[in-house]
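Shown next, in structure tokens, is the structure this report addresses.
What follows is calculated from the coordinates using simple rules that are stated; it is not laboratory data. Just so you know, these numbers come straight off a predicted model, no measurement behind them. Cβ coordinates were reconstructed from backbone atoms using ideal geometry, including for glycine residues, and neighbour counts include every protein chain displayed.
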Amino acid sequence: MTKGKVTFNINKTKNFSEWYTEIVKKAELGDLRYNVKGFVIFQPWSVLSMEKMYDYFEESLQLKGHKPYWYPAVIPEKNFLMEKNHVKGFAPQVFWITETGAGEKLE
């Protein structure tokens, strides 16, 4: 972890993306070296923060009577296409998995 005060020579208003990226790097929140959209390696400080936020959020929801659900992170293409009207805007950002790590082709 970087010690002490860190200053950035980036104008937050004019270049928010670069400013934010530098914050994430310097605070060691995420490893951005691989530059694959949606596949960030979250480092300990960010994971610990997210766990605390998640716990608080879940507790708040359940106190109001909401029940927890978990949804799959990966679904078959045919299931995705059944909801094509709902996910129309997300299609360009979909990460398609076409084979397993062993080279087996998937439907």
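Which angle between 0 and 90 degrees, to the nearest 10, do you get for helix 16-26 versus the longest principal axis of the chain when only C-alpha atoms count?
Compared with the principal axis, the helix lies near 80 degrees.
Relative to the longest principal axis of the chain, what angle (0 to 90°, nearest 10) does the C-alpha long axis of helix 44-63 take?
That works out to roughly 60 degrees.
Under the definition of Cα pairs under 8 Å and six or more residues apart, what whole-number percent is the relative contact order of the chain?
Values: 49 pairs, mean separation 12.9, N = 107.
Relative CO of the chain lands at 12 percent.
Would you calculate a helix-derived [θ] at 222 nm for the chain, using -39,500 (n - 2.57) for each DSSP H run of n ≥ 4 and dividing by the full residue count, to the nearest 500? Working shown, then result.
On the way: 4 runs with 41 residues, N = 107.
Helix contribution divided over all residues of the chain: -11500 deg cm²/dmol.
If we count every other residue with Cβ under 12 angstrom of Leu106's Cβ, Lys/Arg +1 and Asp/Glu -1, where does the sum land? Kindly include the intermediate steps, with their values, before the conclusion.
Values: positive: Lys78, Lys105; negative: Glu77, Glu99, Glu104, Glu107.
Summing Lys and Arg as +1 and Asp and Glu as -1 gives -2.
Show me the ranking of peptides 37-43, 95-101 by mean Cβ neighbours inside 10 Å, starting with the highest.
On the way: 37-43: 10.9, 95-101: 8.1.
The packing order, highest mean first, is 37-43, 95-101.
Just need the Rg to Rh number for segment 19-66, please, alpha carbons only, Kirkwood Rh.
1.15
Which entry in [x] 18.0; [y] 13.7; [z] 15.4 matches Kirkwood radius over Cα pairs in Å derived from the coordinates of this structure?
Entry [x].
Can you list the residues, at least 5 places off or on another chain, whose amide H is less than 5 Å from the amide H of Gly30, using H built in the peptide plane?
Result for Gly30 returns Gln43.
Quick one: which of Lys14/Lys37; Lys25/Lys52; Lys26/Lys88; Lys26/Lys105 span more than 32 angstrom between C-alpha atoms?
Values: Lys14/Lys37 22 Å; Lys25/Lys52 21 Å; Lys26/Lys88 36 Å; Lys26/Lys105 40 Å.
In this structure, Lys26/Lys88; Lys26/Lys105 exceed 32 Å between Cα atoms.
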